[in-house]
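Trainee: My structure is below; once you've seen it, I'll send some questions.
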Amino acid sequence: MHQTNNEKKRENQKDQNLNMFKNFGTPLLIVLLFCLHSTAQTTTIPIRFKLKFNSNDVVKGQNFISKNNDTLSIETFKCYLSNFKLEYTDKSISEIKNHYYLLDSDSLKSFRIELPKKENKTISKITFAIGIDSITNTSGVQNGALDPINGMYWAWQSGYINFKIEGKSSSCKTRLNKFHFHIGGYLYPNYALRIIEIPIHKSQNPTKTLDLTIDLATFFNEIHLEENNSIMIPGKDAMKLADMSLKLFTVE
Amino acid sequence: MKKVLYIVSLSFGIGILFFSILGFTNMVFTPIYFEVPKHFPKPVYDFSKNPLTEEKFQLGRTLFYDPILSRDNTISCASCHLQASAFTHVDHDLSHGIDGRIGTRNSLTLQNLAWSKDFMWDGGINHLDVQAITPITHQLEMDETLPNVIKKLQESPKYNALFTQAFGDKKVTSERLLKSFSQFLVQLVTANSKYDKVIRKEETYTSQEQNGYTLFQNNCASCHTEPLFTSDVFETNGLPVDAYLKDGGRIKITTLKKDSLLFKVPTLRNIQFSFPYMHDGRFKTLNEVVLFYNTNPDAQKALLKKNKKRMQLTDNERVDLITFLKTLSDKEFLFNPRYSFPRE
């Protein structure tokens, strides 16, 4: 009996020590791990996006001609990218969750982002989402890239616009010949988020930066602007355009 | 013993640090404890993401009553949401907005919103914190932009002071703005009607009210669930479509055929004062509403999906039912000075 009491005491002491560790040890451990993690193994790689129409840079107001013979110019291109993941040749990955980037044709700076990359590893694939996932869409007001002030939040109903392309074309019999594509939707069956996977060949393997092209021609070659020039609600049409966005991104 | 000393001195140190910071910045926030009425379910609103303080509540309240939110500074939230009618636009079938523009739906009451998971007649708004964006930017309502509201508030000395009191500095952001609205809105709790007092055994029904309550439970309660008097879901009620508005309700949000003509079940609390009724305000009196459910074949069909027996009330029973509905009026809520226009 006496022994068991002593044992209990020792157990309690252990528990207390453990609790002490829980209270102070865990944050310390996290800080330590974080230091190791960030200094020893991980570096960053800049990703540069280039907005193109075929091989030409997109300049505001400049005319381009699509395969369907629509003459058009781009005023605005805005796009949310999230959940970036880098896969390496040894099948390991680095990913950043819950981080949202807003690419905006009015801000050159936004076309360059930095991703964490494991040092001395070769990238074999980059994966990311175009748009905002449904959980984030139902989590109320947020700031930073997700601030509703950025013009990428619908007002008539809740939800983010995943990407937005606006401009003018003589093919559009609309006010001022404008076209508007605001693509989004977080509710099934019109969930418009799309996952892009781009394999990266050994020969393309980036060491300093990774350049990705956003070729708007792939988009407009599939659209007849005379008939299809305004989509601003989630639905079947938005889903079709979301599917087209799968081809927008290529590695240079 | 050493350990105890260590902990005591540590907490003392932290305390001193804390109060010296407070002293320097003059930041004193008064926390508010959100009291859930005993007979109510757990709120939906996540208070941990927007902890209530008196300062934020007062900011939200001031914003609610301020026309600065609209394009030409003429329309406030309170224009269509008046306290005396349970925060709806009394006597207007469709709500008015800026320049006398007329909206497409009857404004909803603002009551017990902390228990709602989505908002508007079609549930298009999925979180209370983003609700205010809609009326502010809607061209038939306030016709303003979020960036411009923020700019106007940032330039206002009055709001510089209020934001500083609420957040510690005067910076206006959409997150601060919208969460302040929620601070005010979630506190619009009505739980002191005669119905509530009967539930709490503080009062008793008259025999007419009691009879009405039984009729209510048999015919209405499947959608207007107690104690909130709404199931917070979307239902069809058999109302014929307004030829001009052609409002399909929930289908606009989901694009699903099954959601055609479905509307959010509104709460019946303070129903006596929130006329006219229905999403397009087509009925002026409670008697018309009850008559509609009692006689319209489509309404009867809709009700039969929920209830075992067809609703067939006699004239006297209709009177009893309405007498019960009036026990849902909460005068303390309707005239609570805490929710009213903030006089300086």
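The values are calculated or read from the model by the stated rules, or taken from the named source; none is laboratory data. Everything numeric in this text was worked out from a predicted model, so none of it was measured. With ideal geometry, Cβ positions are generated from the backbone for all residues, glycine too; neighbour counts draw on all protein chains shown. Areas reflect the complete protein model, heavy atoms only, side chains present, ligands, DNA and RNA absent. Shrake-Rupley method; radii C 1.70, N 1.55, O 1.52, S 1.80 Å.
Trainee: Take A:Asn162 and decide whether it is part of a strand (DSSP E or B), away from every other protein chain (no Cβ under 14 Å) and of a type outside the set (A, V, I, L, M, F, W, C).
Mentor: For A:Asn162, the condition - part of a strand (DSSP E or B), away from every other protein chain (no Cβ under 14 Å) and of a type outside the set (A, V, I, L, M, F, W, C) - is met.
Trainee: So, of the residues in the stretch B:146-175 that are in contact with a helix residue (DSSP H, G or I) (Cβ under 6 Å, 6 or more places away or on another chain) and at the interface with another protein chain (Cβ under 10 Å from one of its Cβ atoms), which turns out to be farthest from B:Arg71 (Cα to Cα)?
Mentor: Across the stretch B:146-175, the extreme among qualifying residues is B:Ser174.
Trainee: Continuing with the same structure: For B:His224, which of the numbered conditions (1) surrounded by 18 or more Cβ atoms within 10 Å (Cβ to Cβ); (2) more than 14 Å from every other protein chain (Cβ to nearest Cβ); (3) within 30 Å of A:Asp237 (Cβ to Cβ) fails to hold?
Mentor: Only one criterion in (1) surrounded by 18 or more Cβ atoms within 10 Å (Cβ to Cβ); (2) more than 14 Å from every other protein chain (Cβ to nearest Cβ); (3) within 30 Å of A:Asp237 (Cβ to Cβ) is unmet by B:His224, namely (3).
For every residue, the table says whether it meets (1) open to solvent by less than 20 Å² (accessible area, probe 1.4 Å); (2) touching a strand residue (DSSP E or B) at 6+ places or on another chain (Cβ under 6 Å); (3) part of a loop (DSSP other than H, G, I, E, B).
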residue: A:Asn69; (1), (2), (3): no, no, yes
residue: A:Ser82; (1), (2), (3): yes, yes, no
residue: A:Glu87; (1), (2), (3): no, yes, no
residue: A:Ile113; (1), (2), (3): yes, yes, no
residue: A:Asn120; (1), (2), (3): no, no, yes
residue: A:Ser124; (1), (2), (3): no, yes, no
residue: A:Thr127; (1), (2), (3): yes, yes, no
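Trainee: Those residues that are part of a loop (DSSP other than H, G, I, E, B) and closer than 20 Å to A:Ser105 by Cβ, I need them from the stretch A:223-252; list them, please.
Mentor: A:Ile223, A:Leu225, A:Asn229, A:Met232, A:Leu248, A:Glu252 - these are the residues of the stretch A:223-252 that are part of a loop (DSSP other than H, G, I, E, B) and closer than 20 Å to A:Ser105 by Cβ.
Trainee: Also, I was wondering about something else. Inspect all residues belonging to the stretch B:264-273 and state whether any of them is open to solvent by 20 Å² or more (accessible area, probe 1.4 Å), outside any helix (DSSP H, G or I) and of a type outside the set (A, V, I, L, M, F, W, C).
Mentor: Yes, there is a match, as at least one residue in the stretch B:264-273 is open to solvent by 20 Å² or more (accessible area, probe 1.4 Å), outside any helix (DSSP H, G or I) and of a type outside the set (A, V, I, L, M, F, W, C).
Trainee: Given the condition open to solvent by less than 30 Å² (accessible area, probe 1.4 Å) and not aliphatic (A, V, I, L, M), answer yes or no: does some residue in the stretch B:292-299 qualify?
Mentor: Yes, the stretch B:292-299 contains at least one residue that is open to solvent by less than 30 Å² (accessible area, probe 1.4 Å) and not aliphatic (A, V, I, L, M).
Trainee: Which residues, taken from the stretch B:123-140, are within 8 Å of another protein chain (Cβ to nearest Cβ) and either in a loop (DSSP other than H, G, I, E, B) or open to solvent by 20 Å² or more (accessible area, probe 1.4 Å) (or both)?
Mentor: Selection gives B:Gly124, B:Asn126, B:His127, B:Thr137, B:His138.
Trainee: So, one more: For the stretch A:165-180, which positions are buried (at least 17 other Cβ atoms within 10 Å of the Cβ) and in a loop (DSSP other than H, G, I, E, B)?
Mentor: Result: A:Ser171, A:Cys172.
Trainee: Residue by residue through the stretch B:108-119, note down the ones that are touching a strand residue (DSSP E or B) at 6+ places or on another chain (Cβ under 7 Å) and facing chain A (nearest Cβ under 10 Å).
Mentor: B:Asp118, B:Phe119
Trainee: Which ranges mark the helices (runs of 4 or more DSSP H) fully within the stretch B:1-83 that have 2 or more residues being at pLDDT below 95?
Mentor: B:2-25, B:77-80
Trainee: Hey, among the residues in the stretch A:143-153 that are in a loop (DSSP other than H, G, I, E, B) and more than 7 Å from chain B (Cβ to nearest Cβ), which one's least open to solvent (accessible area, probe 1.4 Å)?
Mentor: A:Met152
Trainee: So A:Trp156 ticks every box in (1) part of a loop (DSSP other than H, G, I, E, B); (2) under 29 Å from B:Val172 (Cα atoms); (3) more than 10 Å from chain B (Cβ to nearest Cβ); (4) open to solvent by 10 Å² or more (accessible area, probe 1.4 Å) but one. Which box is left unticked?
Mentor: So A:Trp156 meets the others, but not (3).
Trainee: Does B:Val189 meet the test of being modelled with pLDDT under 95, open to solvent by 20 Å² or more (accessible area, probe 1.4 Å), part of a loop (DSSP other than H, G, I, E, B) and closer than 30 Å to B:Val290 by Cβ?
Mentor: Answer is no for this residue.
Trainee: Taking B:Leu94 as the residue in question, decide whether it is under 20 Å from B:Arg250 (Cβ atoms), crowded, with 17+ Cβ neighbours inside 10 Å, touching a strand residue (DSSP E or B) at 6+ places or on another chain (Cβ under 9 Å) and assigned by TED's automatic domain parsing to the domain that holds B:Thr30.
Mentor: Criteria met by B:Leu94.
Trainee: Within the stretch B:97-106, how many residues turn out to be open to solvent by 20 Å² or more (accessible area, probe 1.4 Å), under 17 Å from B:Arg282 (Cβ atoms) and not aliphatic (A, V, I, L, M)?
Mentor: Counting residues in the stretch B:97-106 that are open to solvent by 20 Å² or more (accessible area, probe 1.4 Å), under 17 Å from B:Arg282 (Cβ atoms) and not aliphatic (A, V, I, L, M) gives 2.
Trainee: Limited to the stretch B:300-312, what total is found for residues that are open to solvent by 20 Å² or more (accessible area, probe 1.4 Å) and either of a type outside the set (S, T, N, Q) or modelled with pLDDT of 95 or more (or both)?
Mentor: Going through the stretch B:300-312 one residue at a time, the tally reaches 8.
Trainee: A further question on this structure: Mind listing whichever residues of the stretch B:165-179 are farther than 18 Å from B:Gln131 by Cβ, open to solvent by 10 Å² or more (accessible area, probe 1.4 Å) and not charged (D, E, K, R)?
Mentor: B:Gln165, B:Phe167, B:Gly168
Trainee: Here's another thing I want to ask about it. Please find, within the stretch A:186-217, the residue that is farthest from the other protein chains (Cβ to nearest Cβ) out of those that are among the β-branched types (Val, Ile, Thr) and farther than 28 Å from B:Thr255 by Cα.
Mentor: A:Thr207
Trainee: I'm trying to understand the selection: among the residues of the stretch B:327-344, which are closer than 13 Å to B:Asn192 by Cα and part of a helix (DSSP H, G or I)?
Mentor: Once the filter is applied, which keeps residues that are closer than 13 Å to B:Asn192 by Cα and part of a helix (DSSP H, G or I), the stretch B:327-344 yields B:Thr327, B:Leu328, B:Lys331, B:Glu332, B:Phe333, B:Leu334.
Trainee: Considering only the stretch A:54-67, how many residues are assigned to a loop (DSSP other than H, G, I, E, B) and either closer than 13 Å to A:Ala217 by Cα or without any contact (Cβ under 8 Å) to a residue 24 or more places away in the chain (or both)?
Mentor: Residues meeting the conditions: 8.
Trainee: Test of understanding: among B:Val241, B:Val289, which residue is within 26 Å of the chain's Cα centre (by Cα), part of a loop (DSSP other than H, G, I, E, B) and among the β-branched types (Val, Ile, Thr)?
Mentor: Criteria check complete, one pass: B:Val241.
Trainee: Name the pairs: first residue in the stretch B:178-195 and over 14 Å from B:Thr62 (Cβ atoms) and within 14 Å of chain A (Cβ to nearest Cβ), second residue of a type in the set (Ser, Thr, Tyr) and surrounded by fewer than 24 Cβ atoms within 10 Å (Cβ to Cβ), Cβ to Cβ under 6 Å, at least 6 apart or on different chains?
Mentor: Listed by first residue and then by second, the contacts come to B:Val186/B:Tyr45.
Trainee: Would the stretch A:129-141 turn up any residue that is assigned to a strand (DSSP E or B) and loosely packed, with under 14 Cβ neighbours inside 10 Å?
Mentor: There is no residue in the stretch A:129-141 that is assigned to a strand (DSSP E or B) and loosely packed, with under 14 Cβ neighbours inside 10 Å.
Trainee: Continuing with the same structure: Only residues that are buried (at least 16 other Cβ atoms within 10 Å of the Cβ) and more than 14 Å from chain A (Cβ to nearest Cβ): list them for the stretch B:239-253, please.
Mentor: If the condition is that a residue be buried (at least 16 other Cβ atoms within 10 Å of the Cβ) and more than 14 Å from chain A (Cβ to nearest Cβ), then B:Leu239 is the only one that fits.
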